[in-house]
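Here is the structure we will look at, set down as structure tokens.
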Amino acid sequence: MAQHPVQPTTPAPAPGDRSLSAPDATAPSASRDDDPHRARPEHAAPAPAAVFDWIDRRAELRRRAGLTRDLRPRPADDPVLDLAGNDYLGLVRHPRVVRAATEAVARWGGGATGSRLVTGTTQLHQELEEELADFCGFEAALVFSSGYAANLAALTALTGPGTLIVFDAYNHASLVDGCRLSRAKVAQVPHREPGAVRTALTEHGGGRALVVTDSVFSVDGDAAPLTELARACRARGAALLVDDAHGLGVVGDGGSGALSAAELAGSPDVVATVTLSKSLGSQGGAVLGPRRVIRHLTETARTFIFDTGLAPASVGAALGALRLLREEPERAARAREVARRLSTGLAAAGLEASVPDAAVVSVRAPSPEAAVTWAQACREAGVAVGCFRPPSTPDRHSRLRLTARGDLTDDQIERAVKVISRWAPRSGTDTTCGRGSVRAADDPPSAPSVMRTVKRPDRA
Ligand SMILES: Cc1ncc(COP(=O)(O)O)c(C=O)c1O
């Protein structure tokens, strides 16, 4: 057996000894720089002040393009009507959700204590996984510390060099990052184009392939053609991965999600990811799918293995919200209804509002600057709206993004429409396009994109 090396014993320092190994605590302290015995480590050489100057140049370019981003801490008692968060069902402060989180902290503590495979799996994690899988109609589920981590896990564990990923151009950034990490070949197809998906799969031949899409796209709230995508996958033996972050709790019977609505939940070739941070009013994410897929992720997904388990409070809150949603399934339909009413109200006021398939409504802004000013005016008038600008918008058009919370009253919907249309910018020219990427002249060249673009079949 390995032994600890025996430490040489150091003689007790003589009084007044100033050597480095035996400092005399009673001696008057000399400043570090005055001490002639002190060896100066190499990294203590004067730091070149200019080392991060490129950051300032980039910030200036962002400022000029209207793309500056600032944090704005919100007070706990913010009186503003919130249409900017993702609390689709208004559950984040529901007494039952808060109680479930509080009880989880009292029982299990503030953190999970370790990664899921070591000490970070509590009985509460297991309960959440079983109930979530059952609610959404899948065999099994695996909970992650975020939806972002769940997406990275699904993409990296289910693909690799030699696999083809067929990817909707408007998919969420976490899926883009999953592609980058996967080292797979990626064919990016135009938004909501099953024809282009079929072309990409055919060109790939018979090798392993994964078609990846959001169920409800996060910026405009439009739905993916899941039935056609599943058909394309089955014709060519590909698997389908669907990010249902904006579908869970809103789409399908009682909010059981877009896969369940499309009768694809539980299929042997379909995997879903969700976040617990939107309709479930908590934090965290999950992958849902066939039991063998979930087992494979448990043993191989790096964002599962090398990450501390989701904190008990978040697990408890998600479980509390899920149970509440089961008892009150009408909450999902109400969120969709609020979205429709916001959209029609804004369109009637002459604004370019998206037609929602779930609980997200977006309204076009003529420029990033106009979007910021518009959102700010709405906030000052008591209505908080999301402000999406490049690079957070896939088509580089800036927008206001509204969350149609299921708990909004009729009066609140009316007030929101009134405020948003009252402060709408007058100018109609869209100056946003093409200004998503801000690069300074001395920036290093960007890495080549991993995405190969597949055109629509009719334009090929
Ligand atoms: C479509 C989509 N997928 C994944 C995520 C990431 O989820 P999380 O915030 O739990 O990391 C988001 C969050 O904004 C999202 O909109």
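Read-outs throughout are calculated quantities, based only on the coordinates presented, and are distinct from any laboratory measurement. Just so it is clear, the structure is predicted and the values come from calculations on it, not from any experiment. Heads up, the Cβs are rebuilt from the backbone with ideal geometry, glycines too, and the neighbour counts pull from every protein chain shown.
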* Asked: With a sphere of radius 15 Å drawn around the Cβ of ALA238, what net charge do the other residues whose Cβ falls strictly inside it have (Lys, Arg +1; Asp, Glu -1)?
  -> +2
* Structure fact -> Scattering profile of segment 95-327 from the Debye formula, Cα beads only, expressed as log10 I(q)/I(0) at q = 0.11, 0.13, 0.14, 0.15 Å⁻¹, is -0.50, -0.70, -0.81, -0.92
* Which order do the peptides 334-342, 127-135 take when ranked by the mean count of other beta-carbon atoms within 10 Å per residue, highest first? => 334-342, 127-135
* To do: Treat segment 155-243 as a sphere of radius equal to its Kirkwood radius over Cα pairs and apply Stokes-Einstein at 37 °C in a medium of 0.692 mPa s; give the translational diffusion coefficient in µm²/s, rounded to a whole number.
  => 260 µm²/s
* To do: Name the residues whose placed amide hydrogens come within less than 5 Å of the amide hydrogen of PHE144, ignoring near sequence neighbours (fewer than 5 apart) on the same chain.
  => GLY285, ALA286, VAL287
* To do: Sort 229-242, 296-309, 274-287 for me by packing, meaning the mean count of neighbouring Cβ atoms within 10 Å per residue, highest on top.
  => 274-287, 229-242, 296-309
* Which of PRO290, THR303, ALA321 sits closest to the plus end of the dipole of segment 277-335, meaning its Cα is farthest towards the positive end, when Lys and Arg get +1 and Asp and Glu get -1 on the C-beta? -> PRO290
* In whole angstrom, note down how far apart the Cα centers of segment 283-303 and segment 81-150 are. => 15 Å
* Subtracting the Cα-Cα distance from 0.36 nm times the residue separation, let me have the gained length for ALA235 to ASP253 in nm, one decimal. => 3.7 nm
* **Alpha carbon centroid spacing (whole Å) that separates segment 159-174 from segment 220-244** => 13 Å
* What net charge do the residues around PHE388 carry, taking every other residue with its C-beta under 12 Å from that of PHE388, with Lys and Arg at +1 and Asp and Glu at -1? -> +4
* Net charge of Cβ neighbours under 13 Å - reference ASP407; Lys, Arg +1; Asp, Glu -1 -> -3
* Asked: LEU81's amide H: which non-local residues (gap 5+, or another chain) put their own amide H closer than 5 Å, with H modeled 1.01 Å from N in plane and none for Pro or chain starts?
  -> VAL383, ALA384
* Structure fact -> Karplus ³J(HN,Hα) for segment 167-178 (6.51 cos²θ - 1.76 cosθ + 1.60, θ = phi - 60°; Hz, whole; x = Gly/Pro) runs 10, 5, 4, 9, 4, 5, 4, 5, 6, 4, 5, x
* Could you pull out every residue, at least 5 positions away or on a different chain, whose amide H is within less than 5 Å of the one on VAL166? Hs are placed 1.01 Å off N in the peptide plane, and Pro or chain starts have none. => ALA187, LEU210, VAL211, VAL212
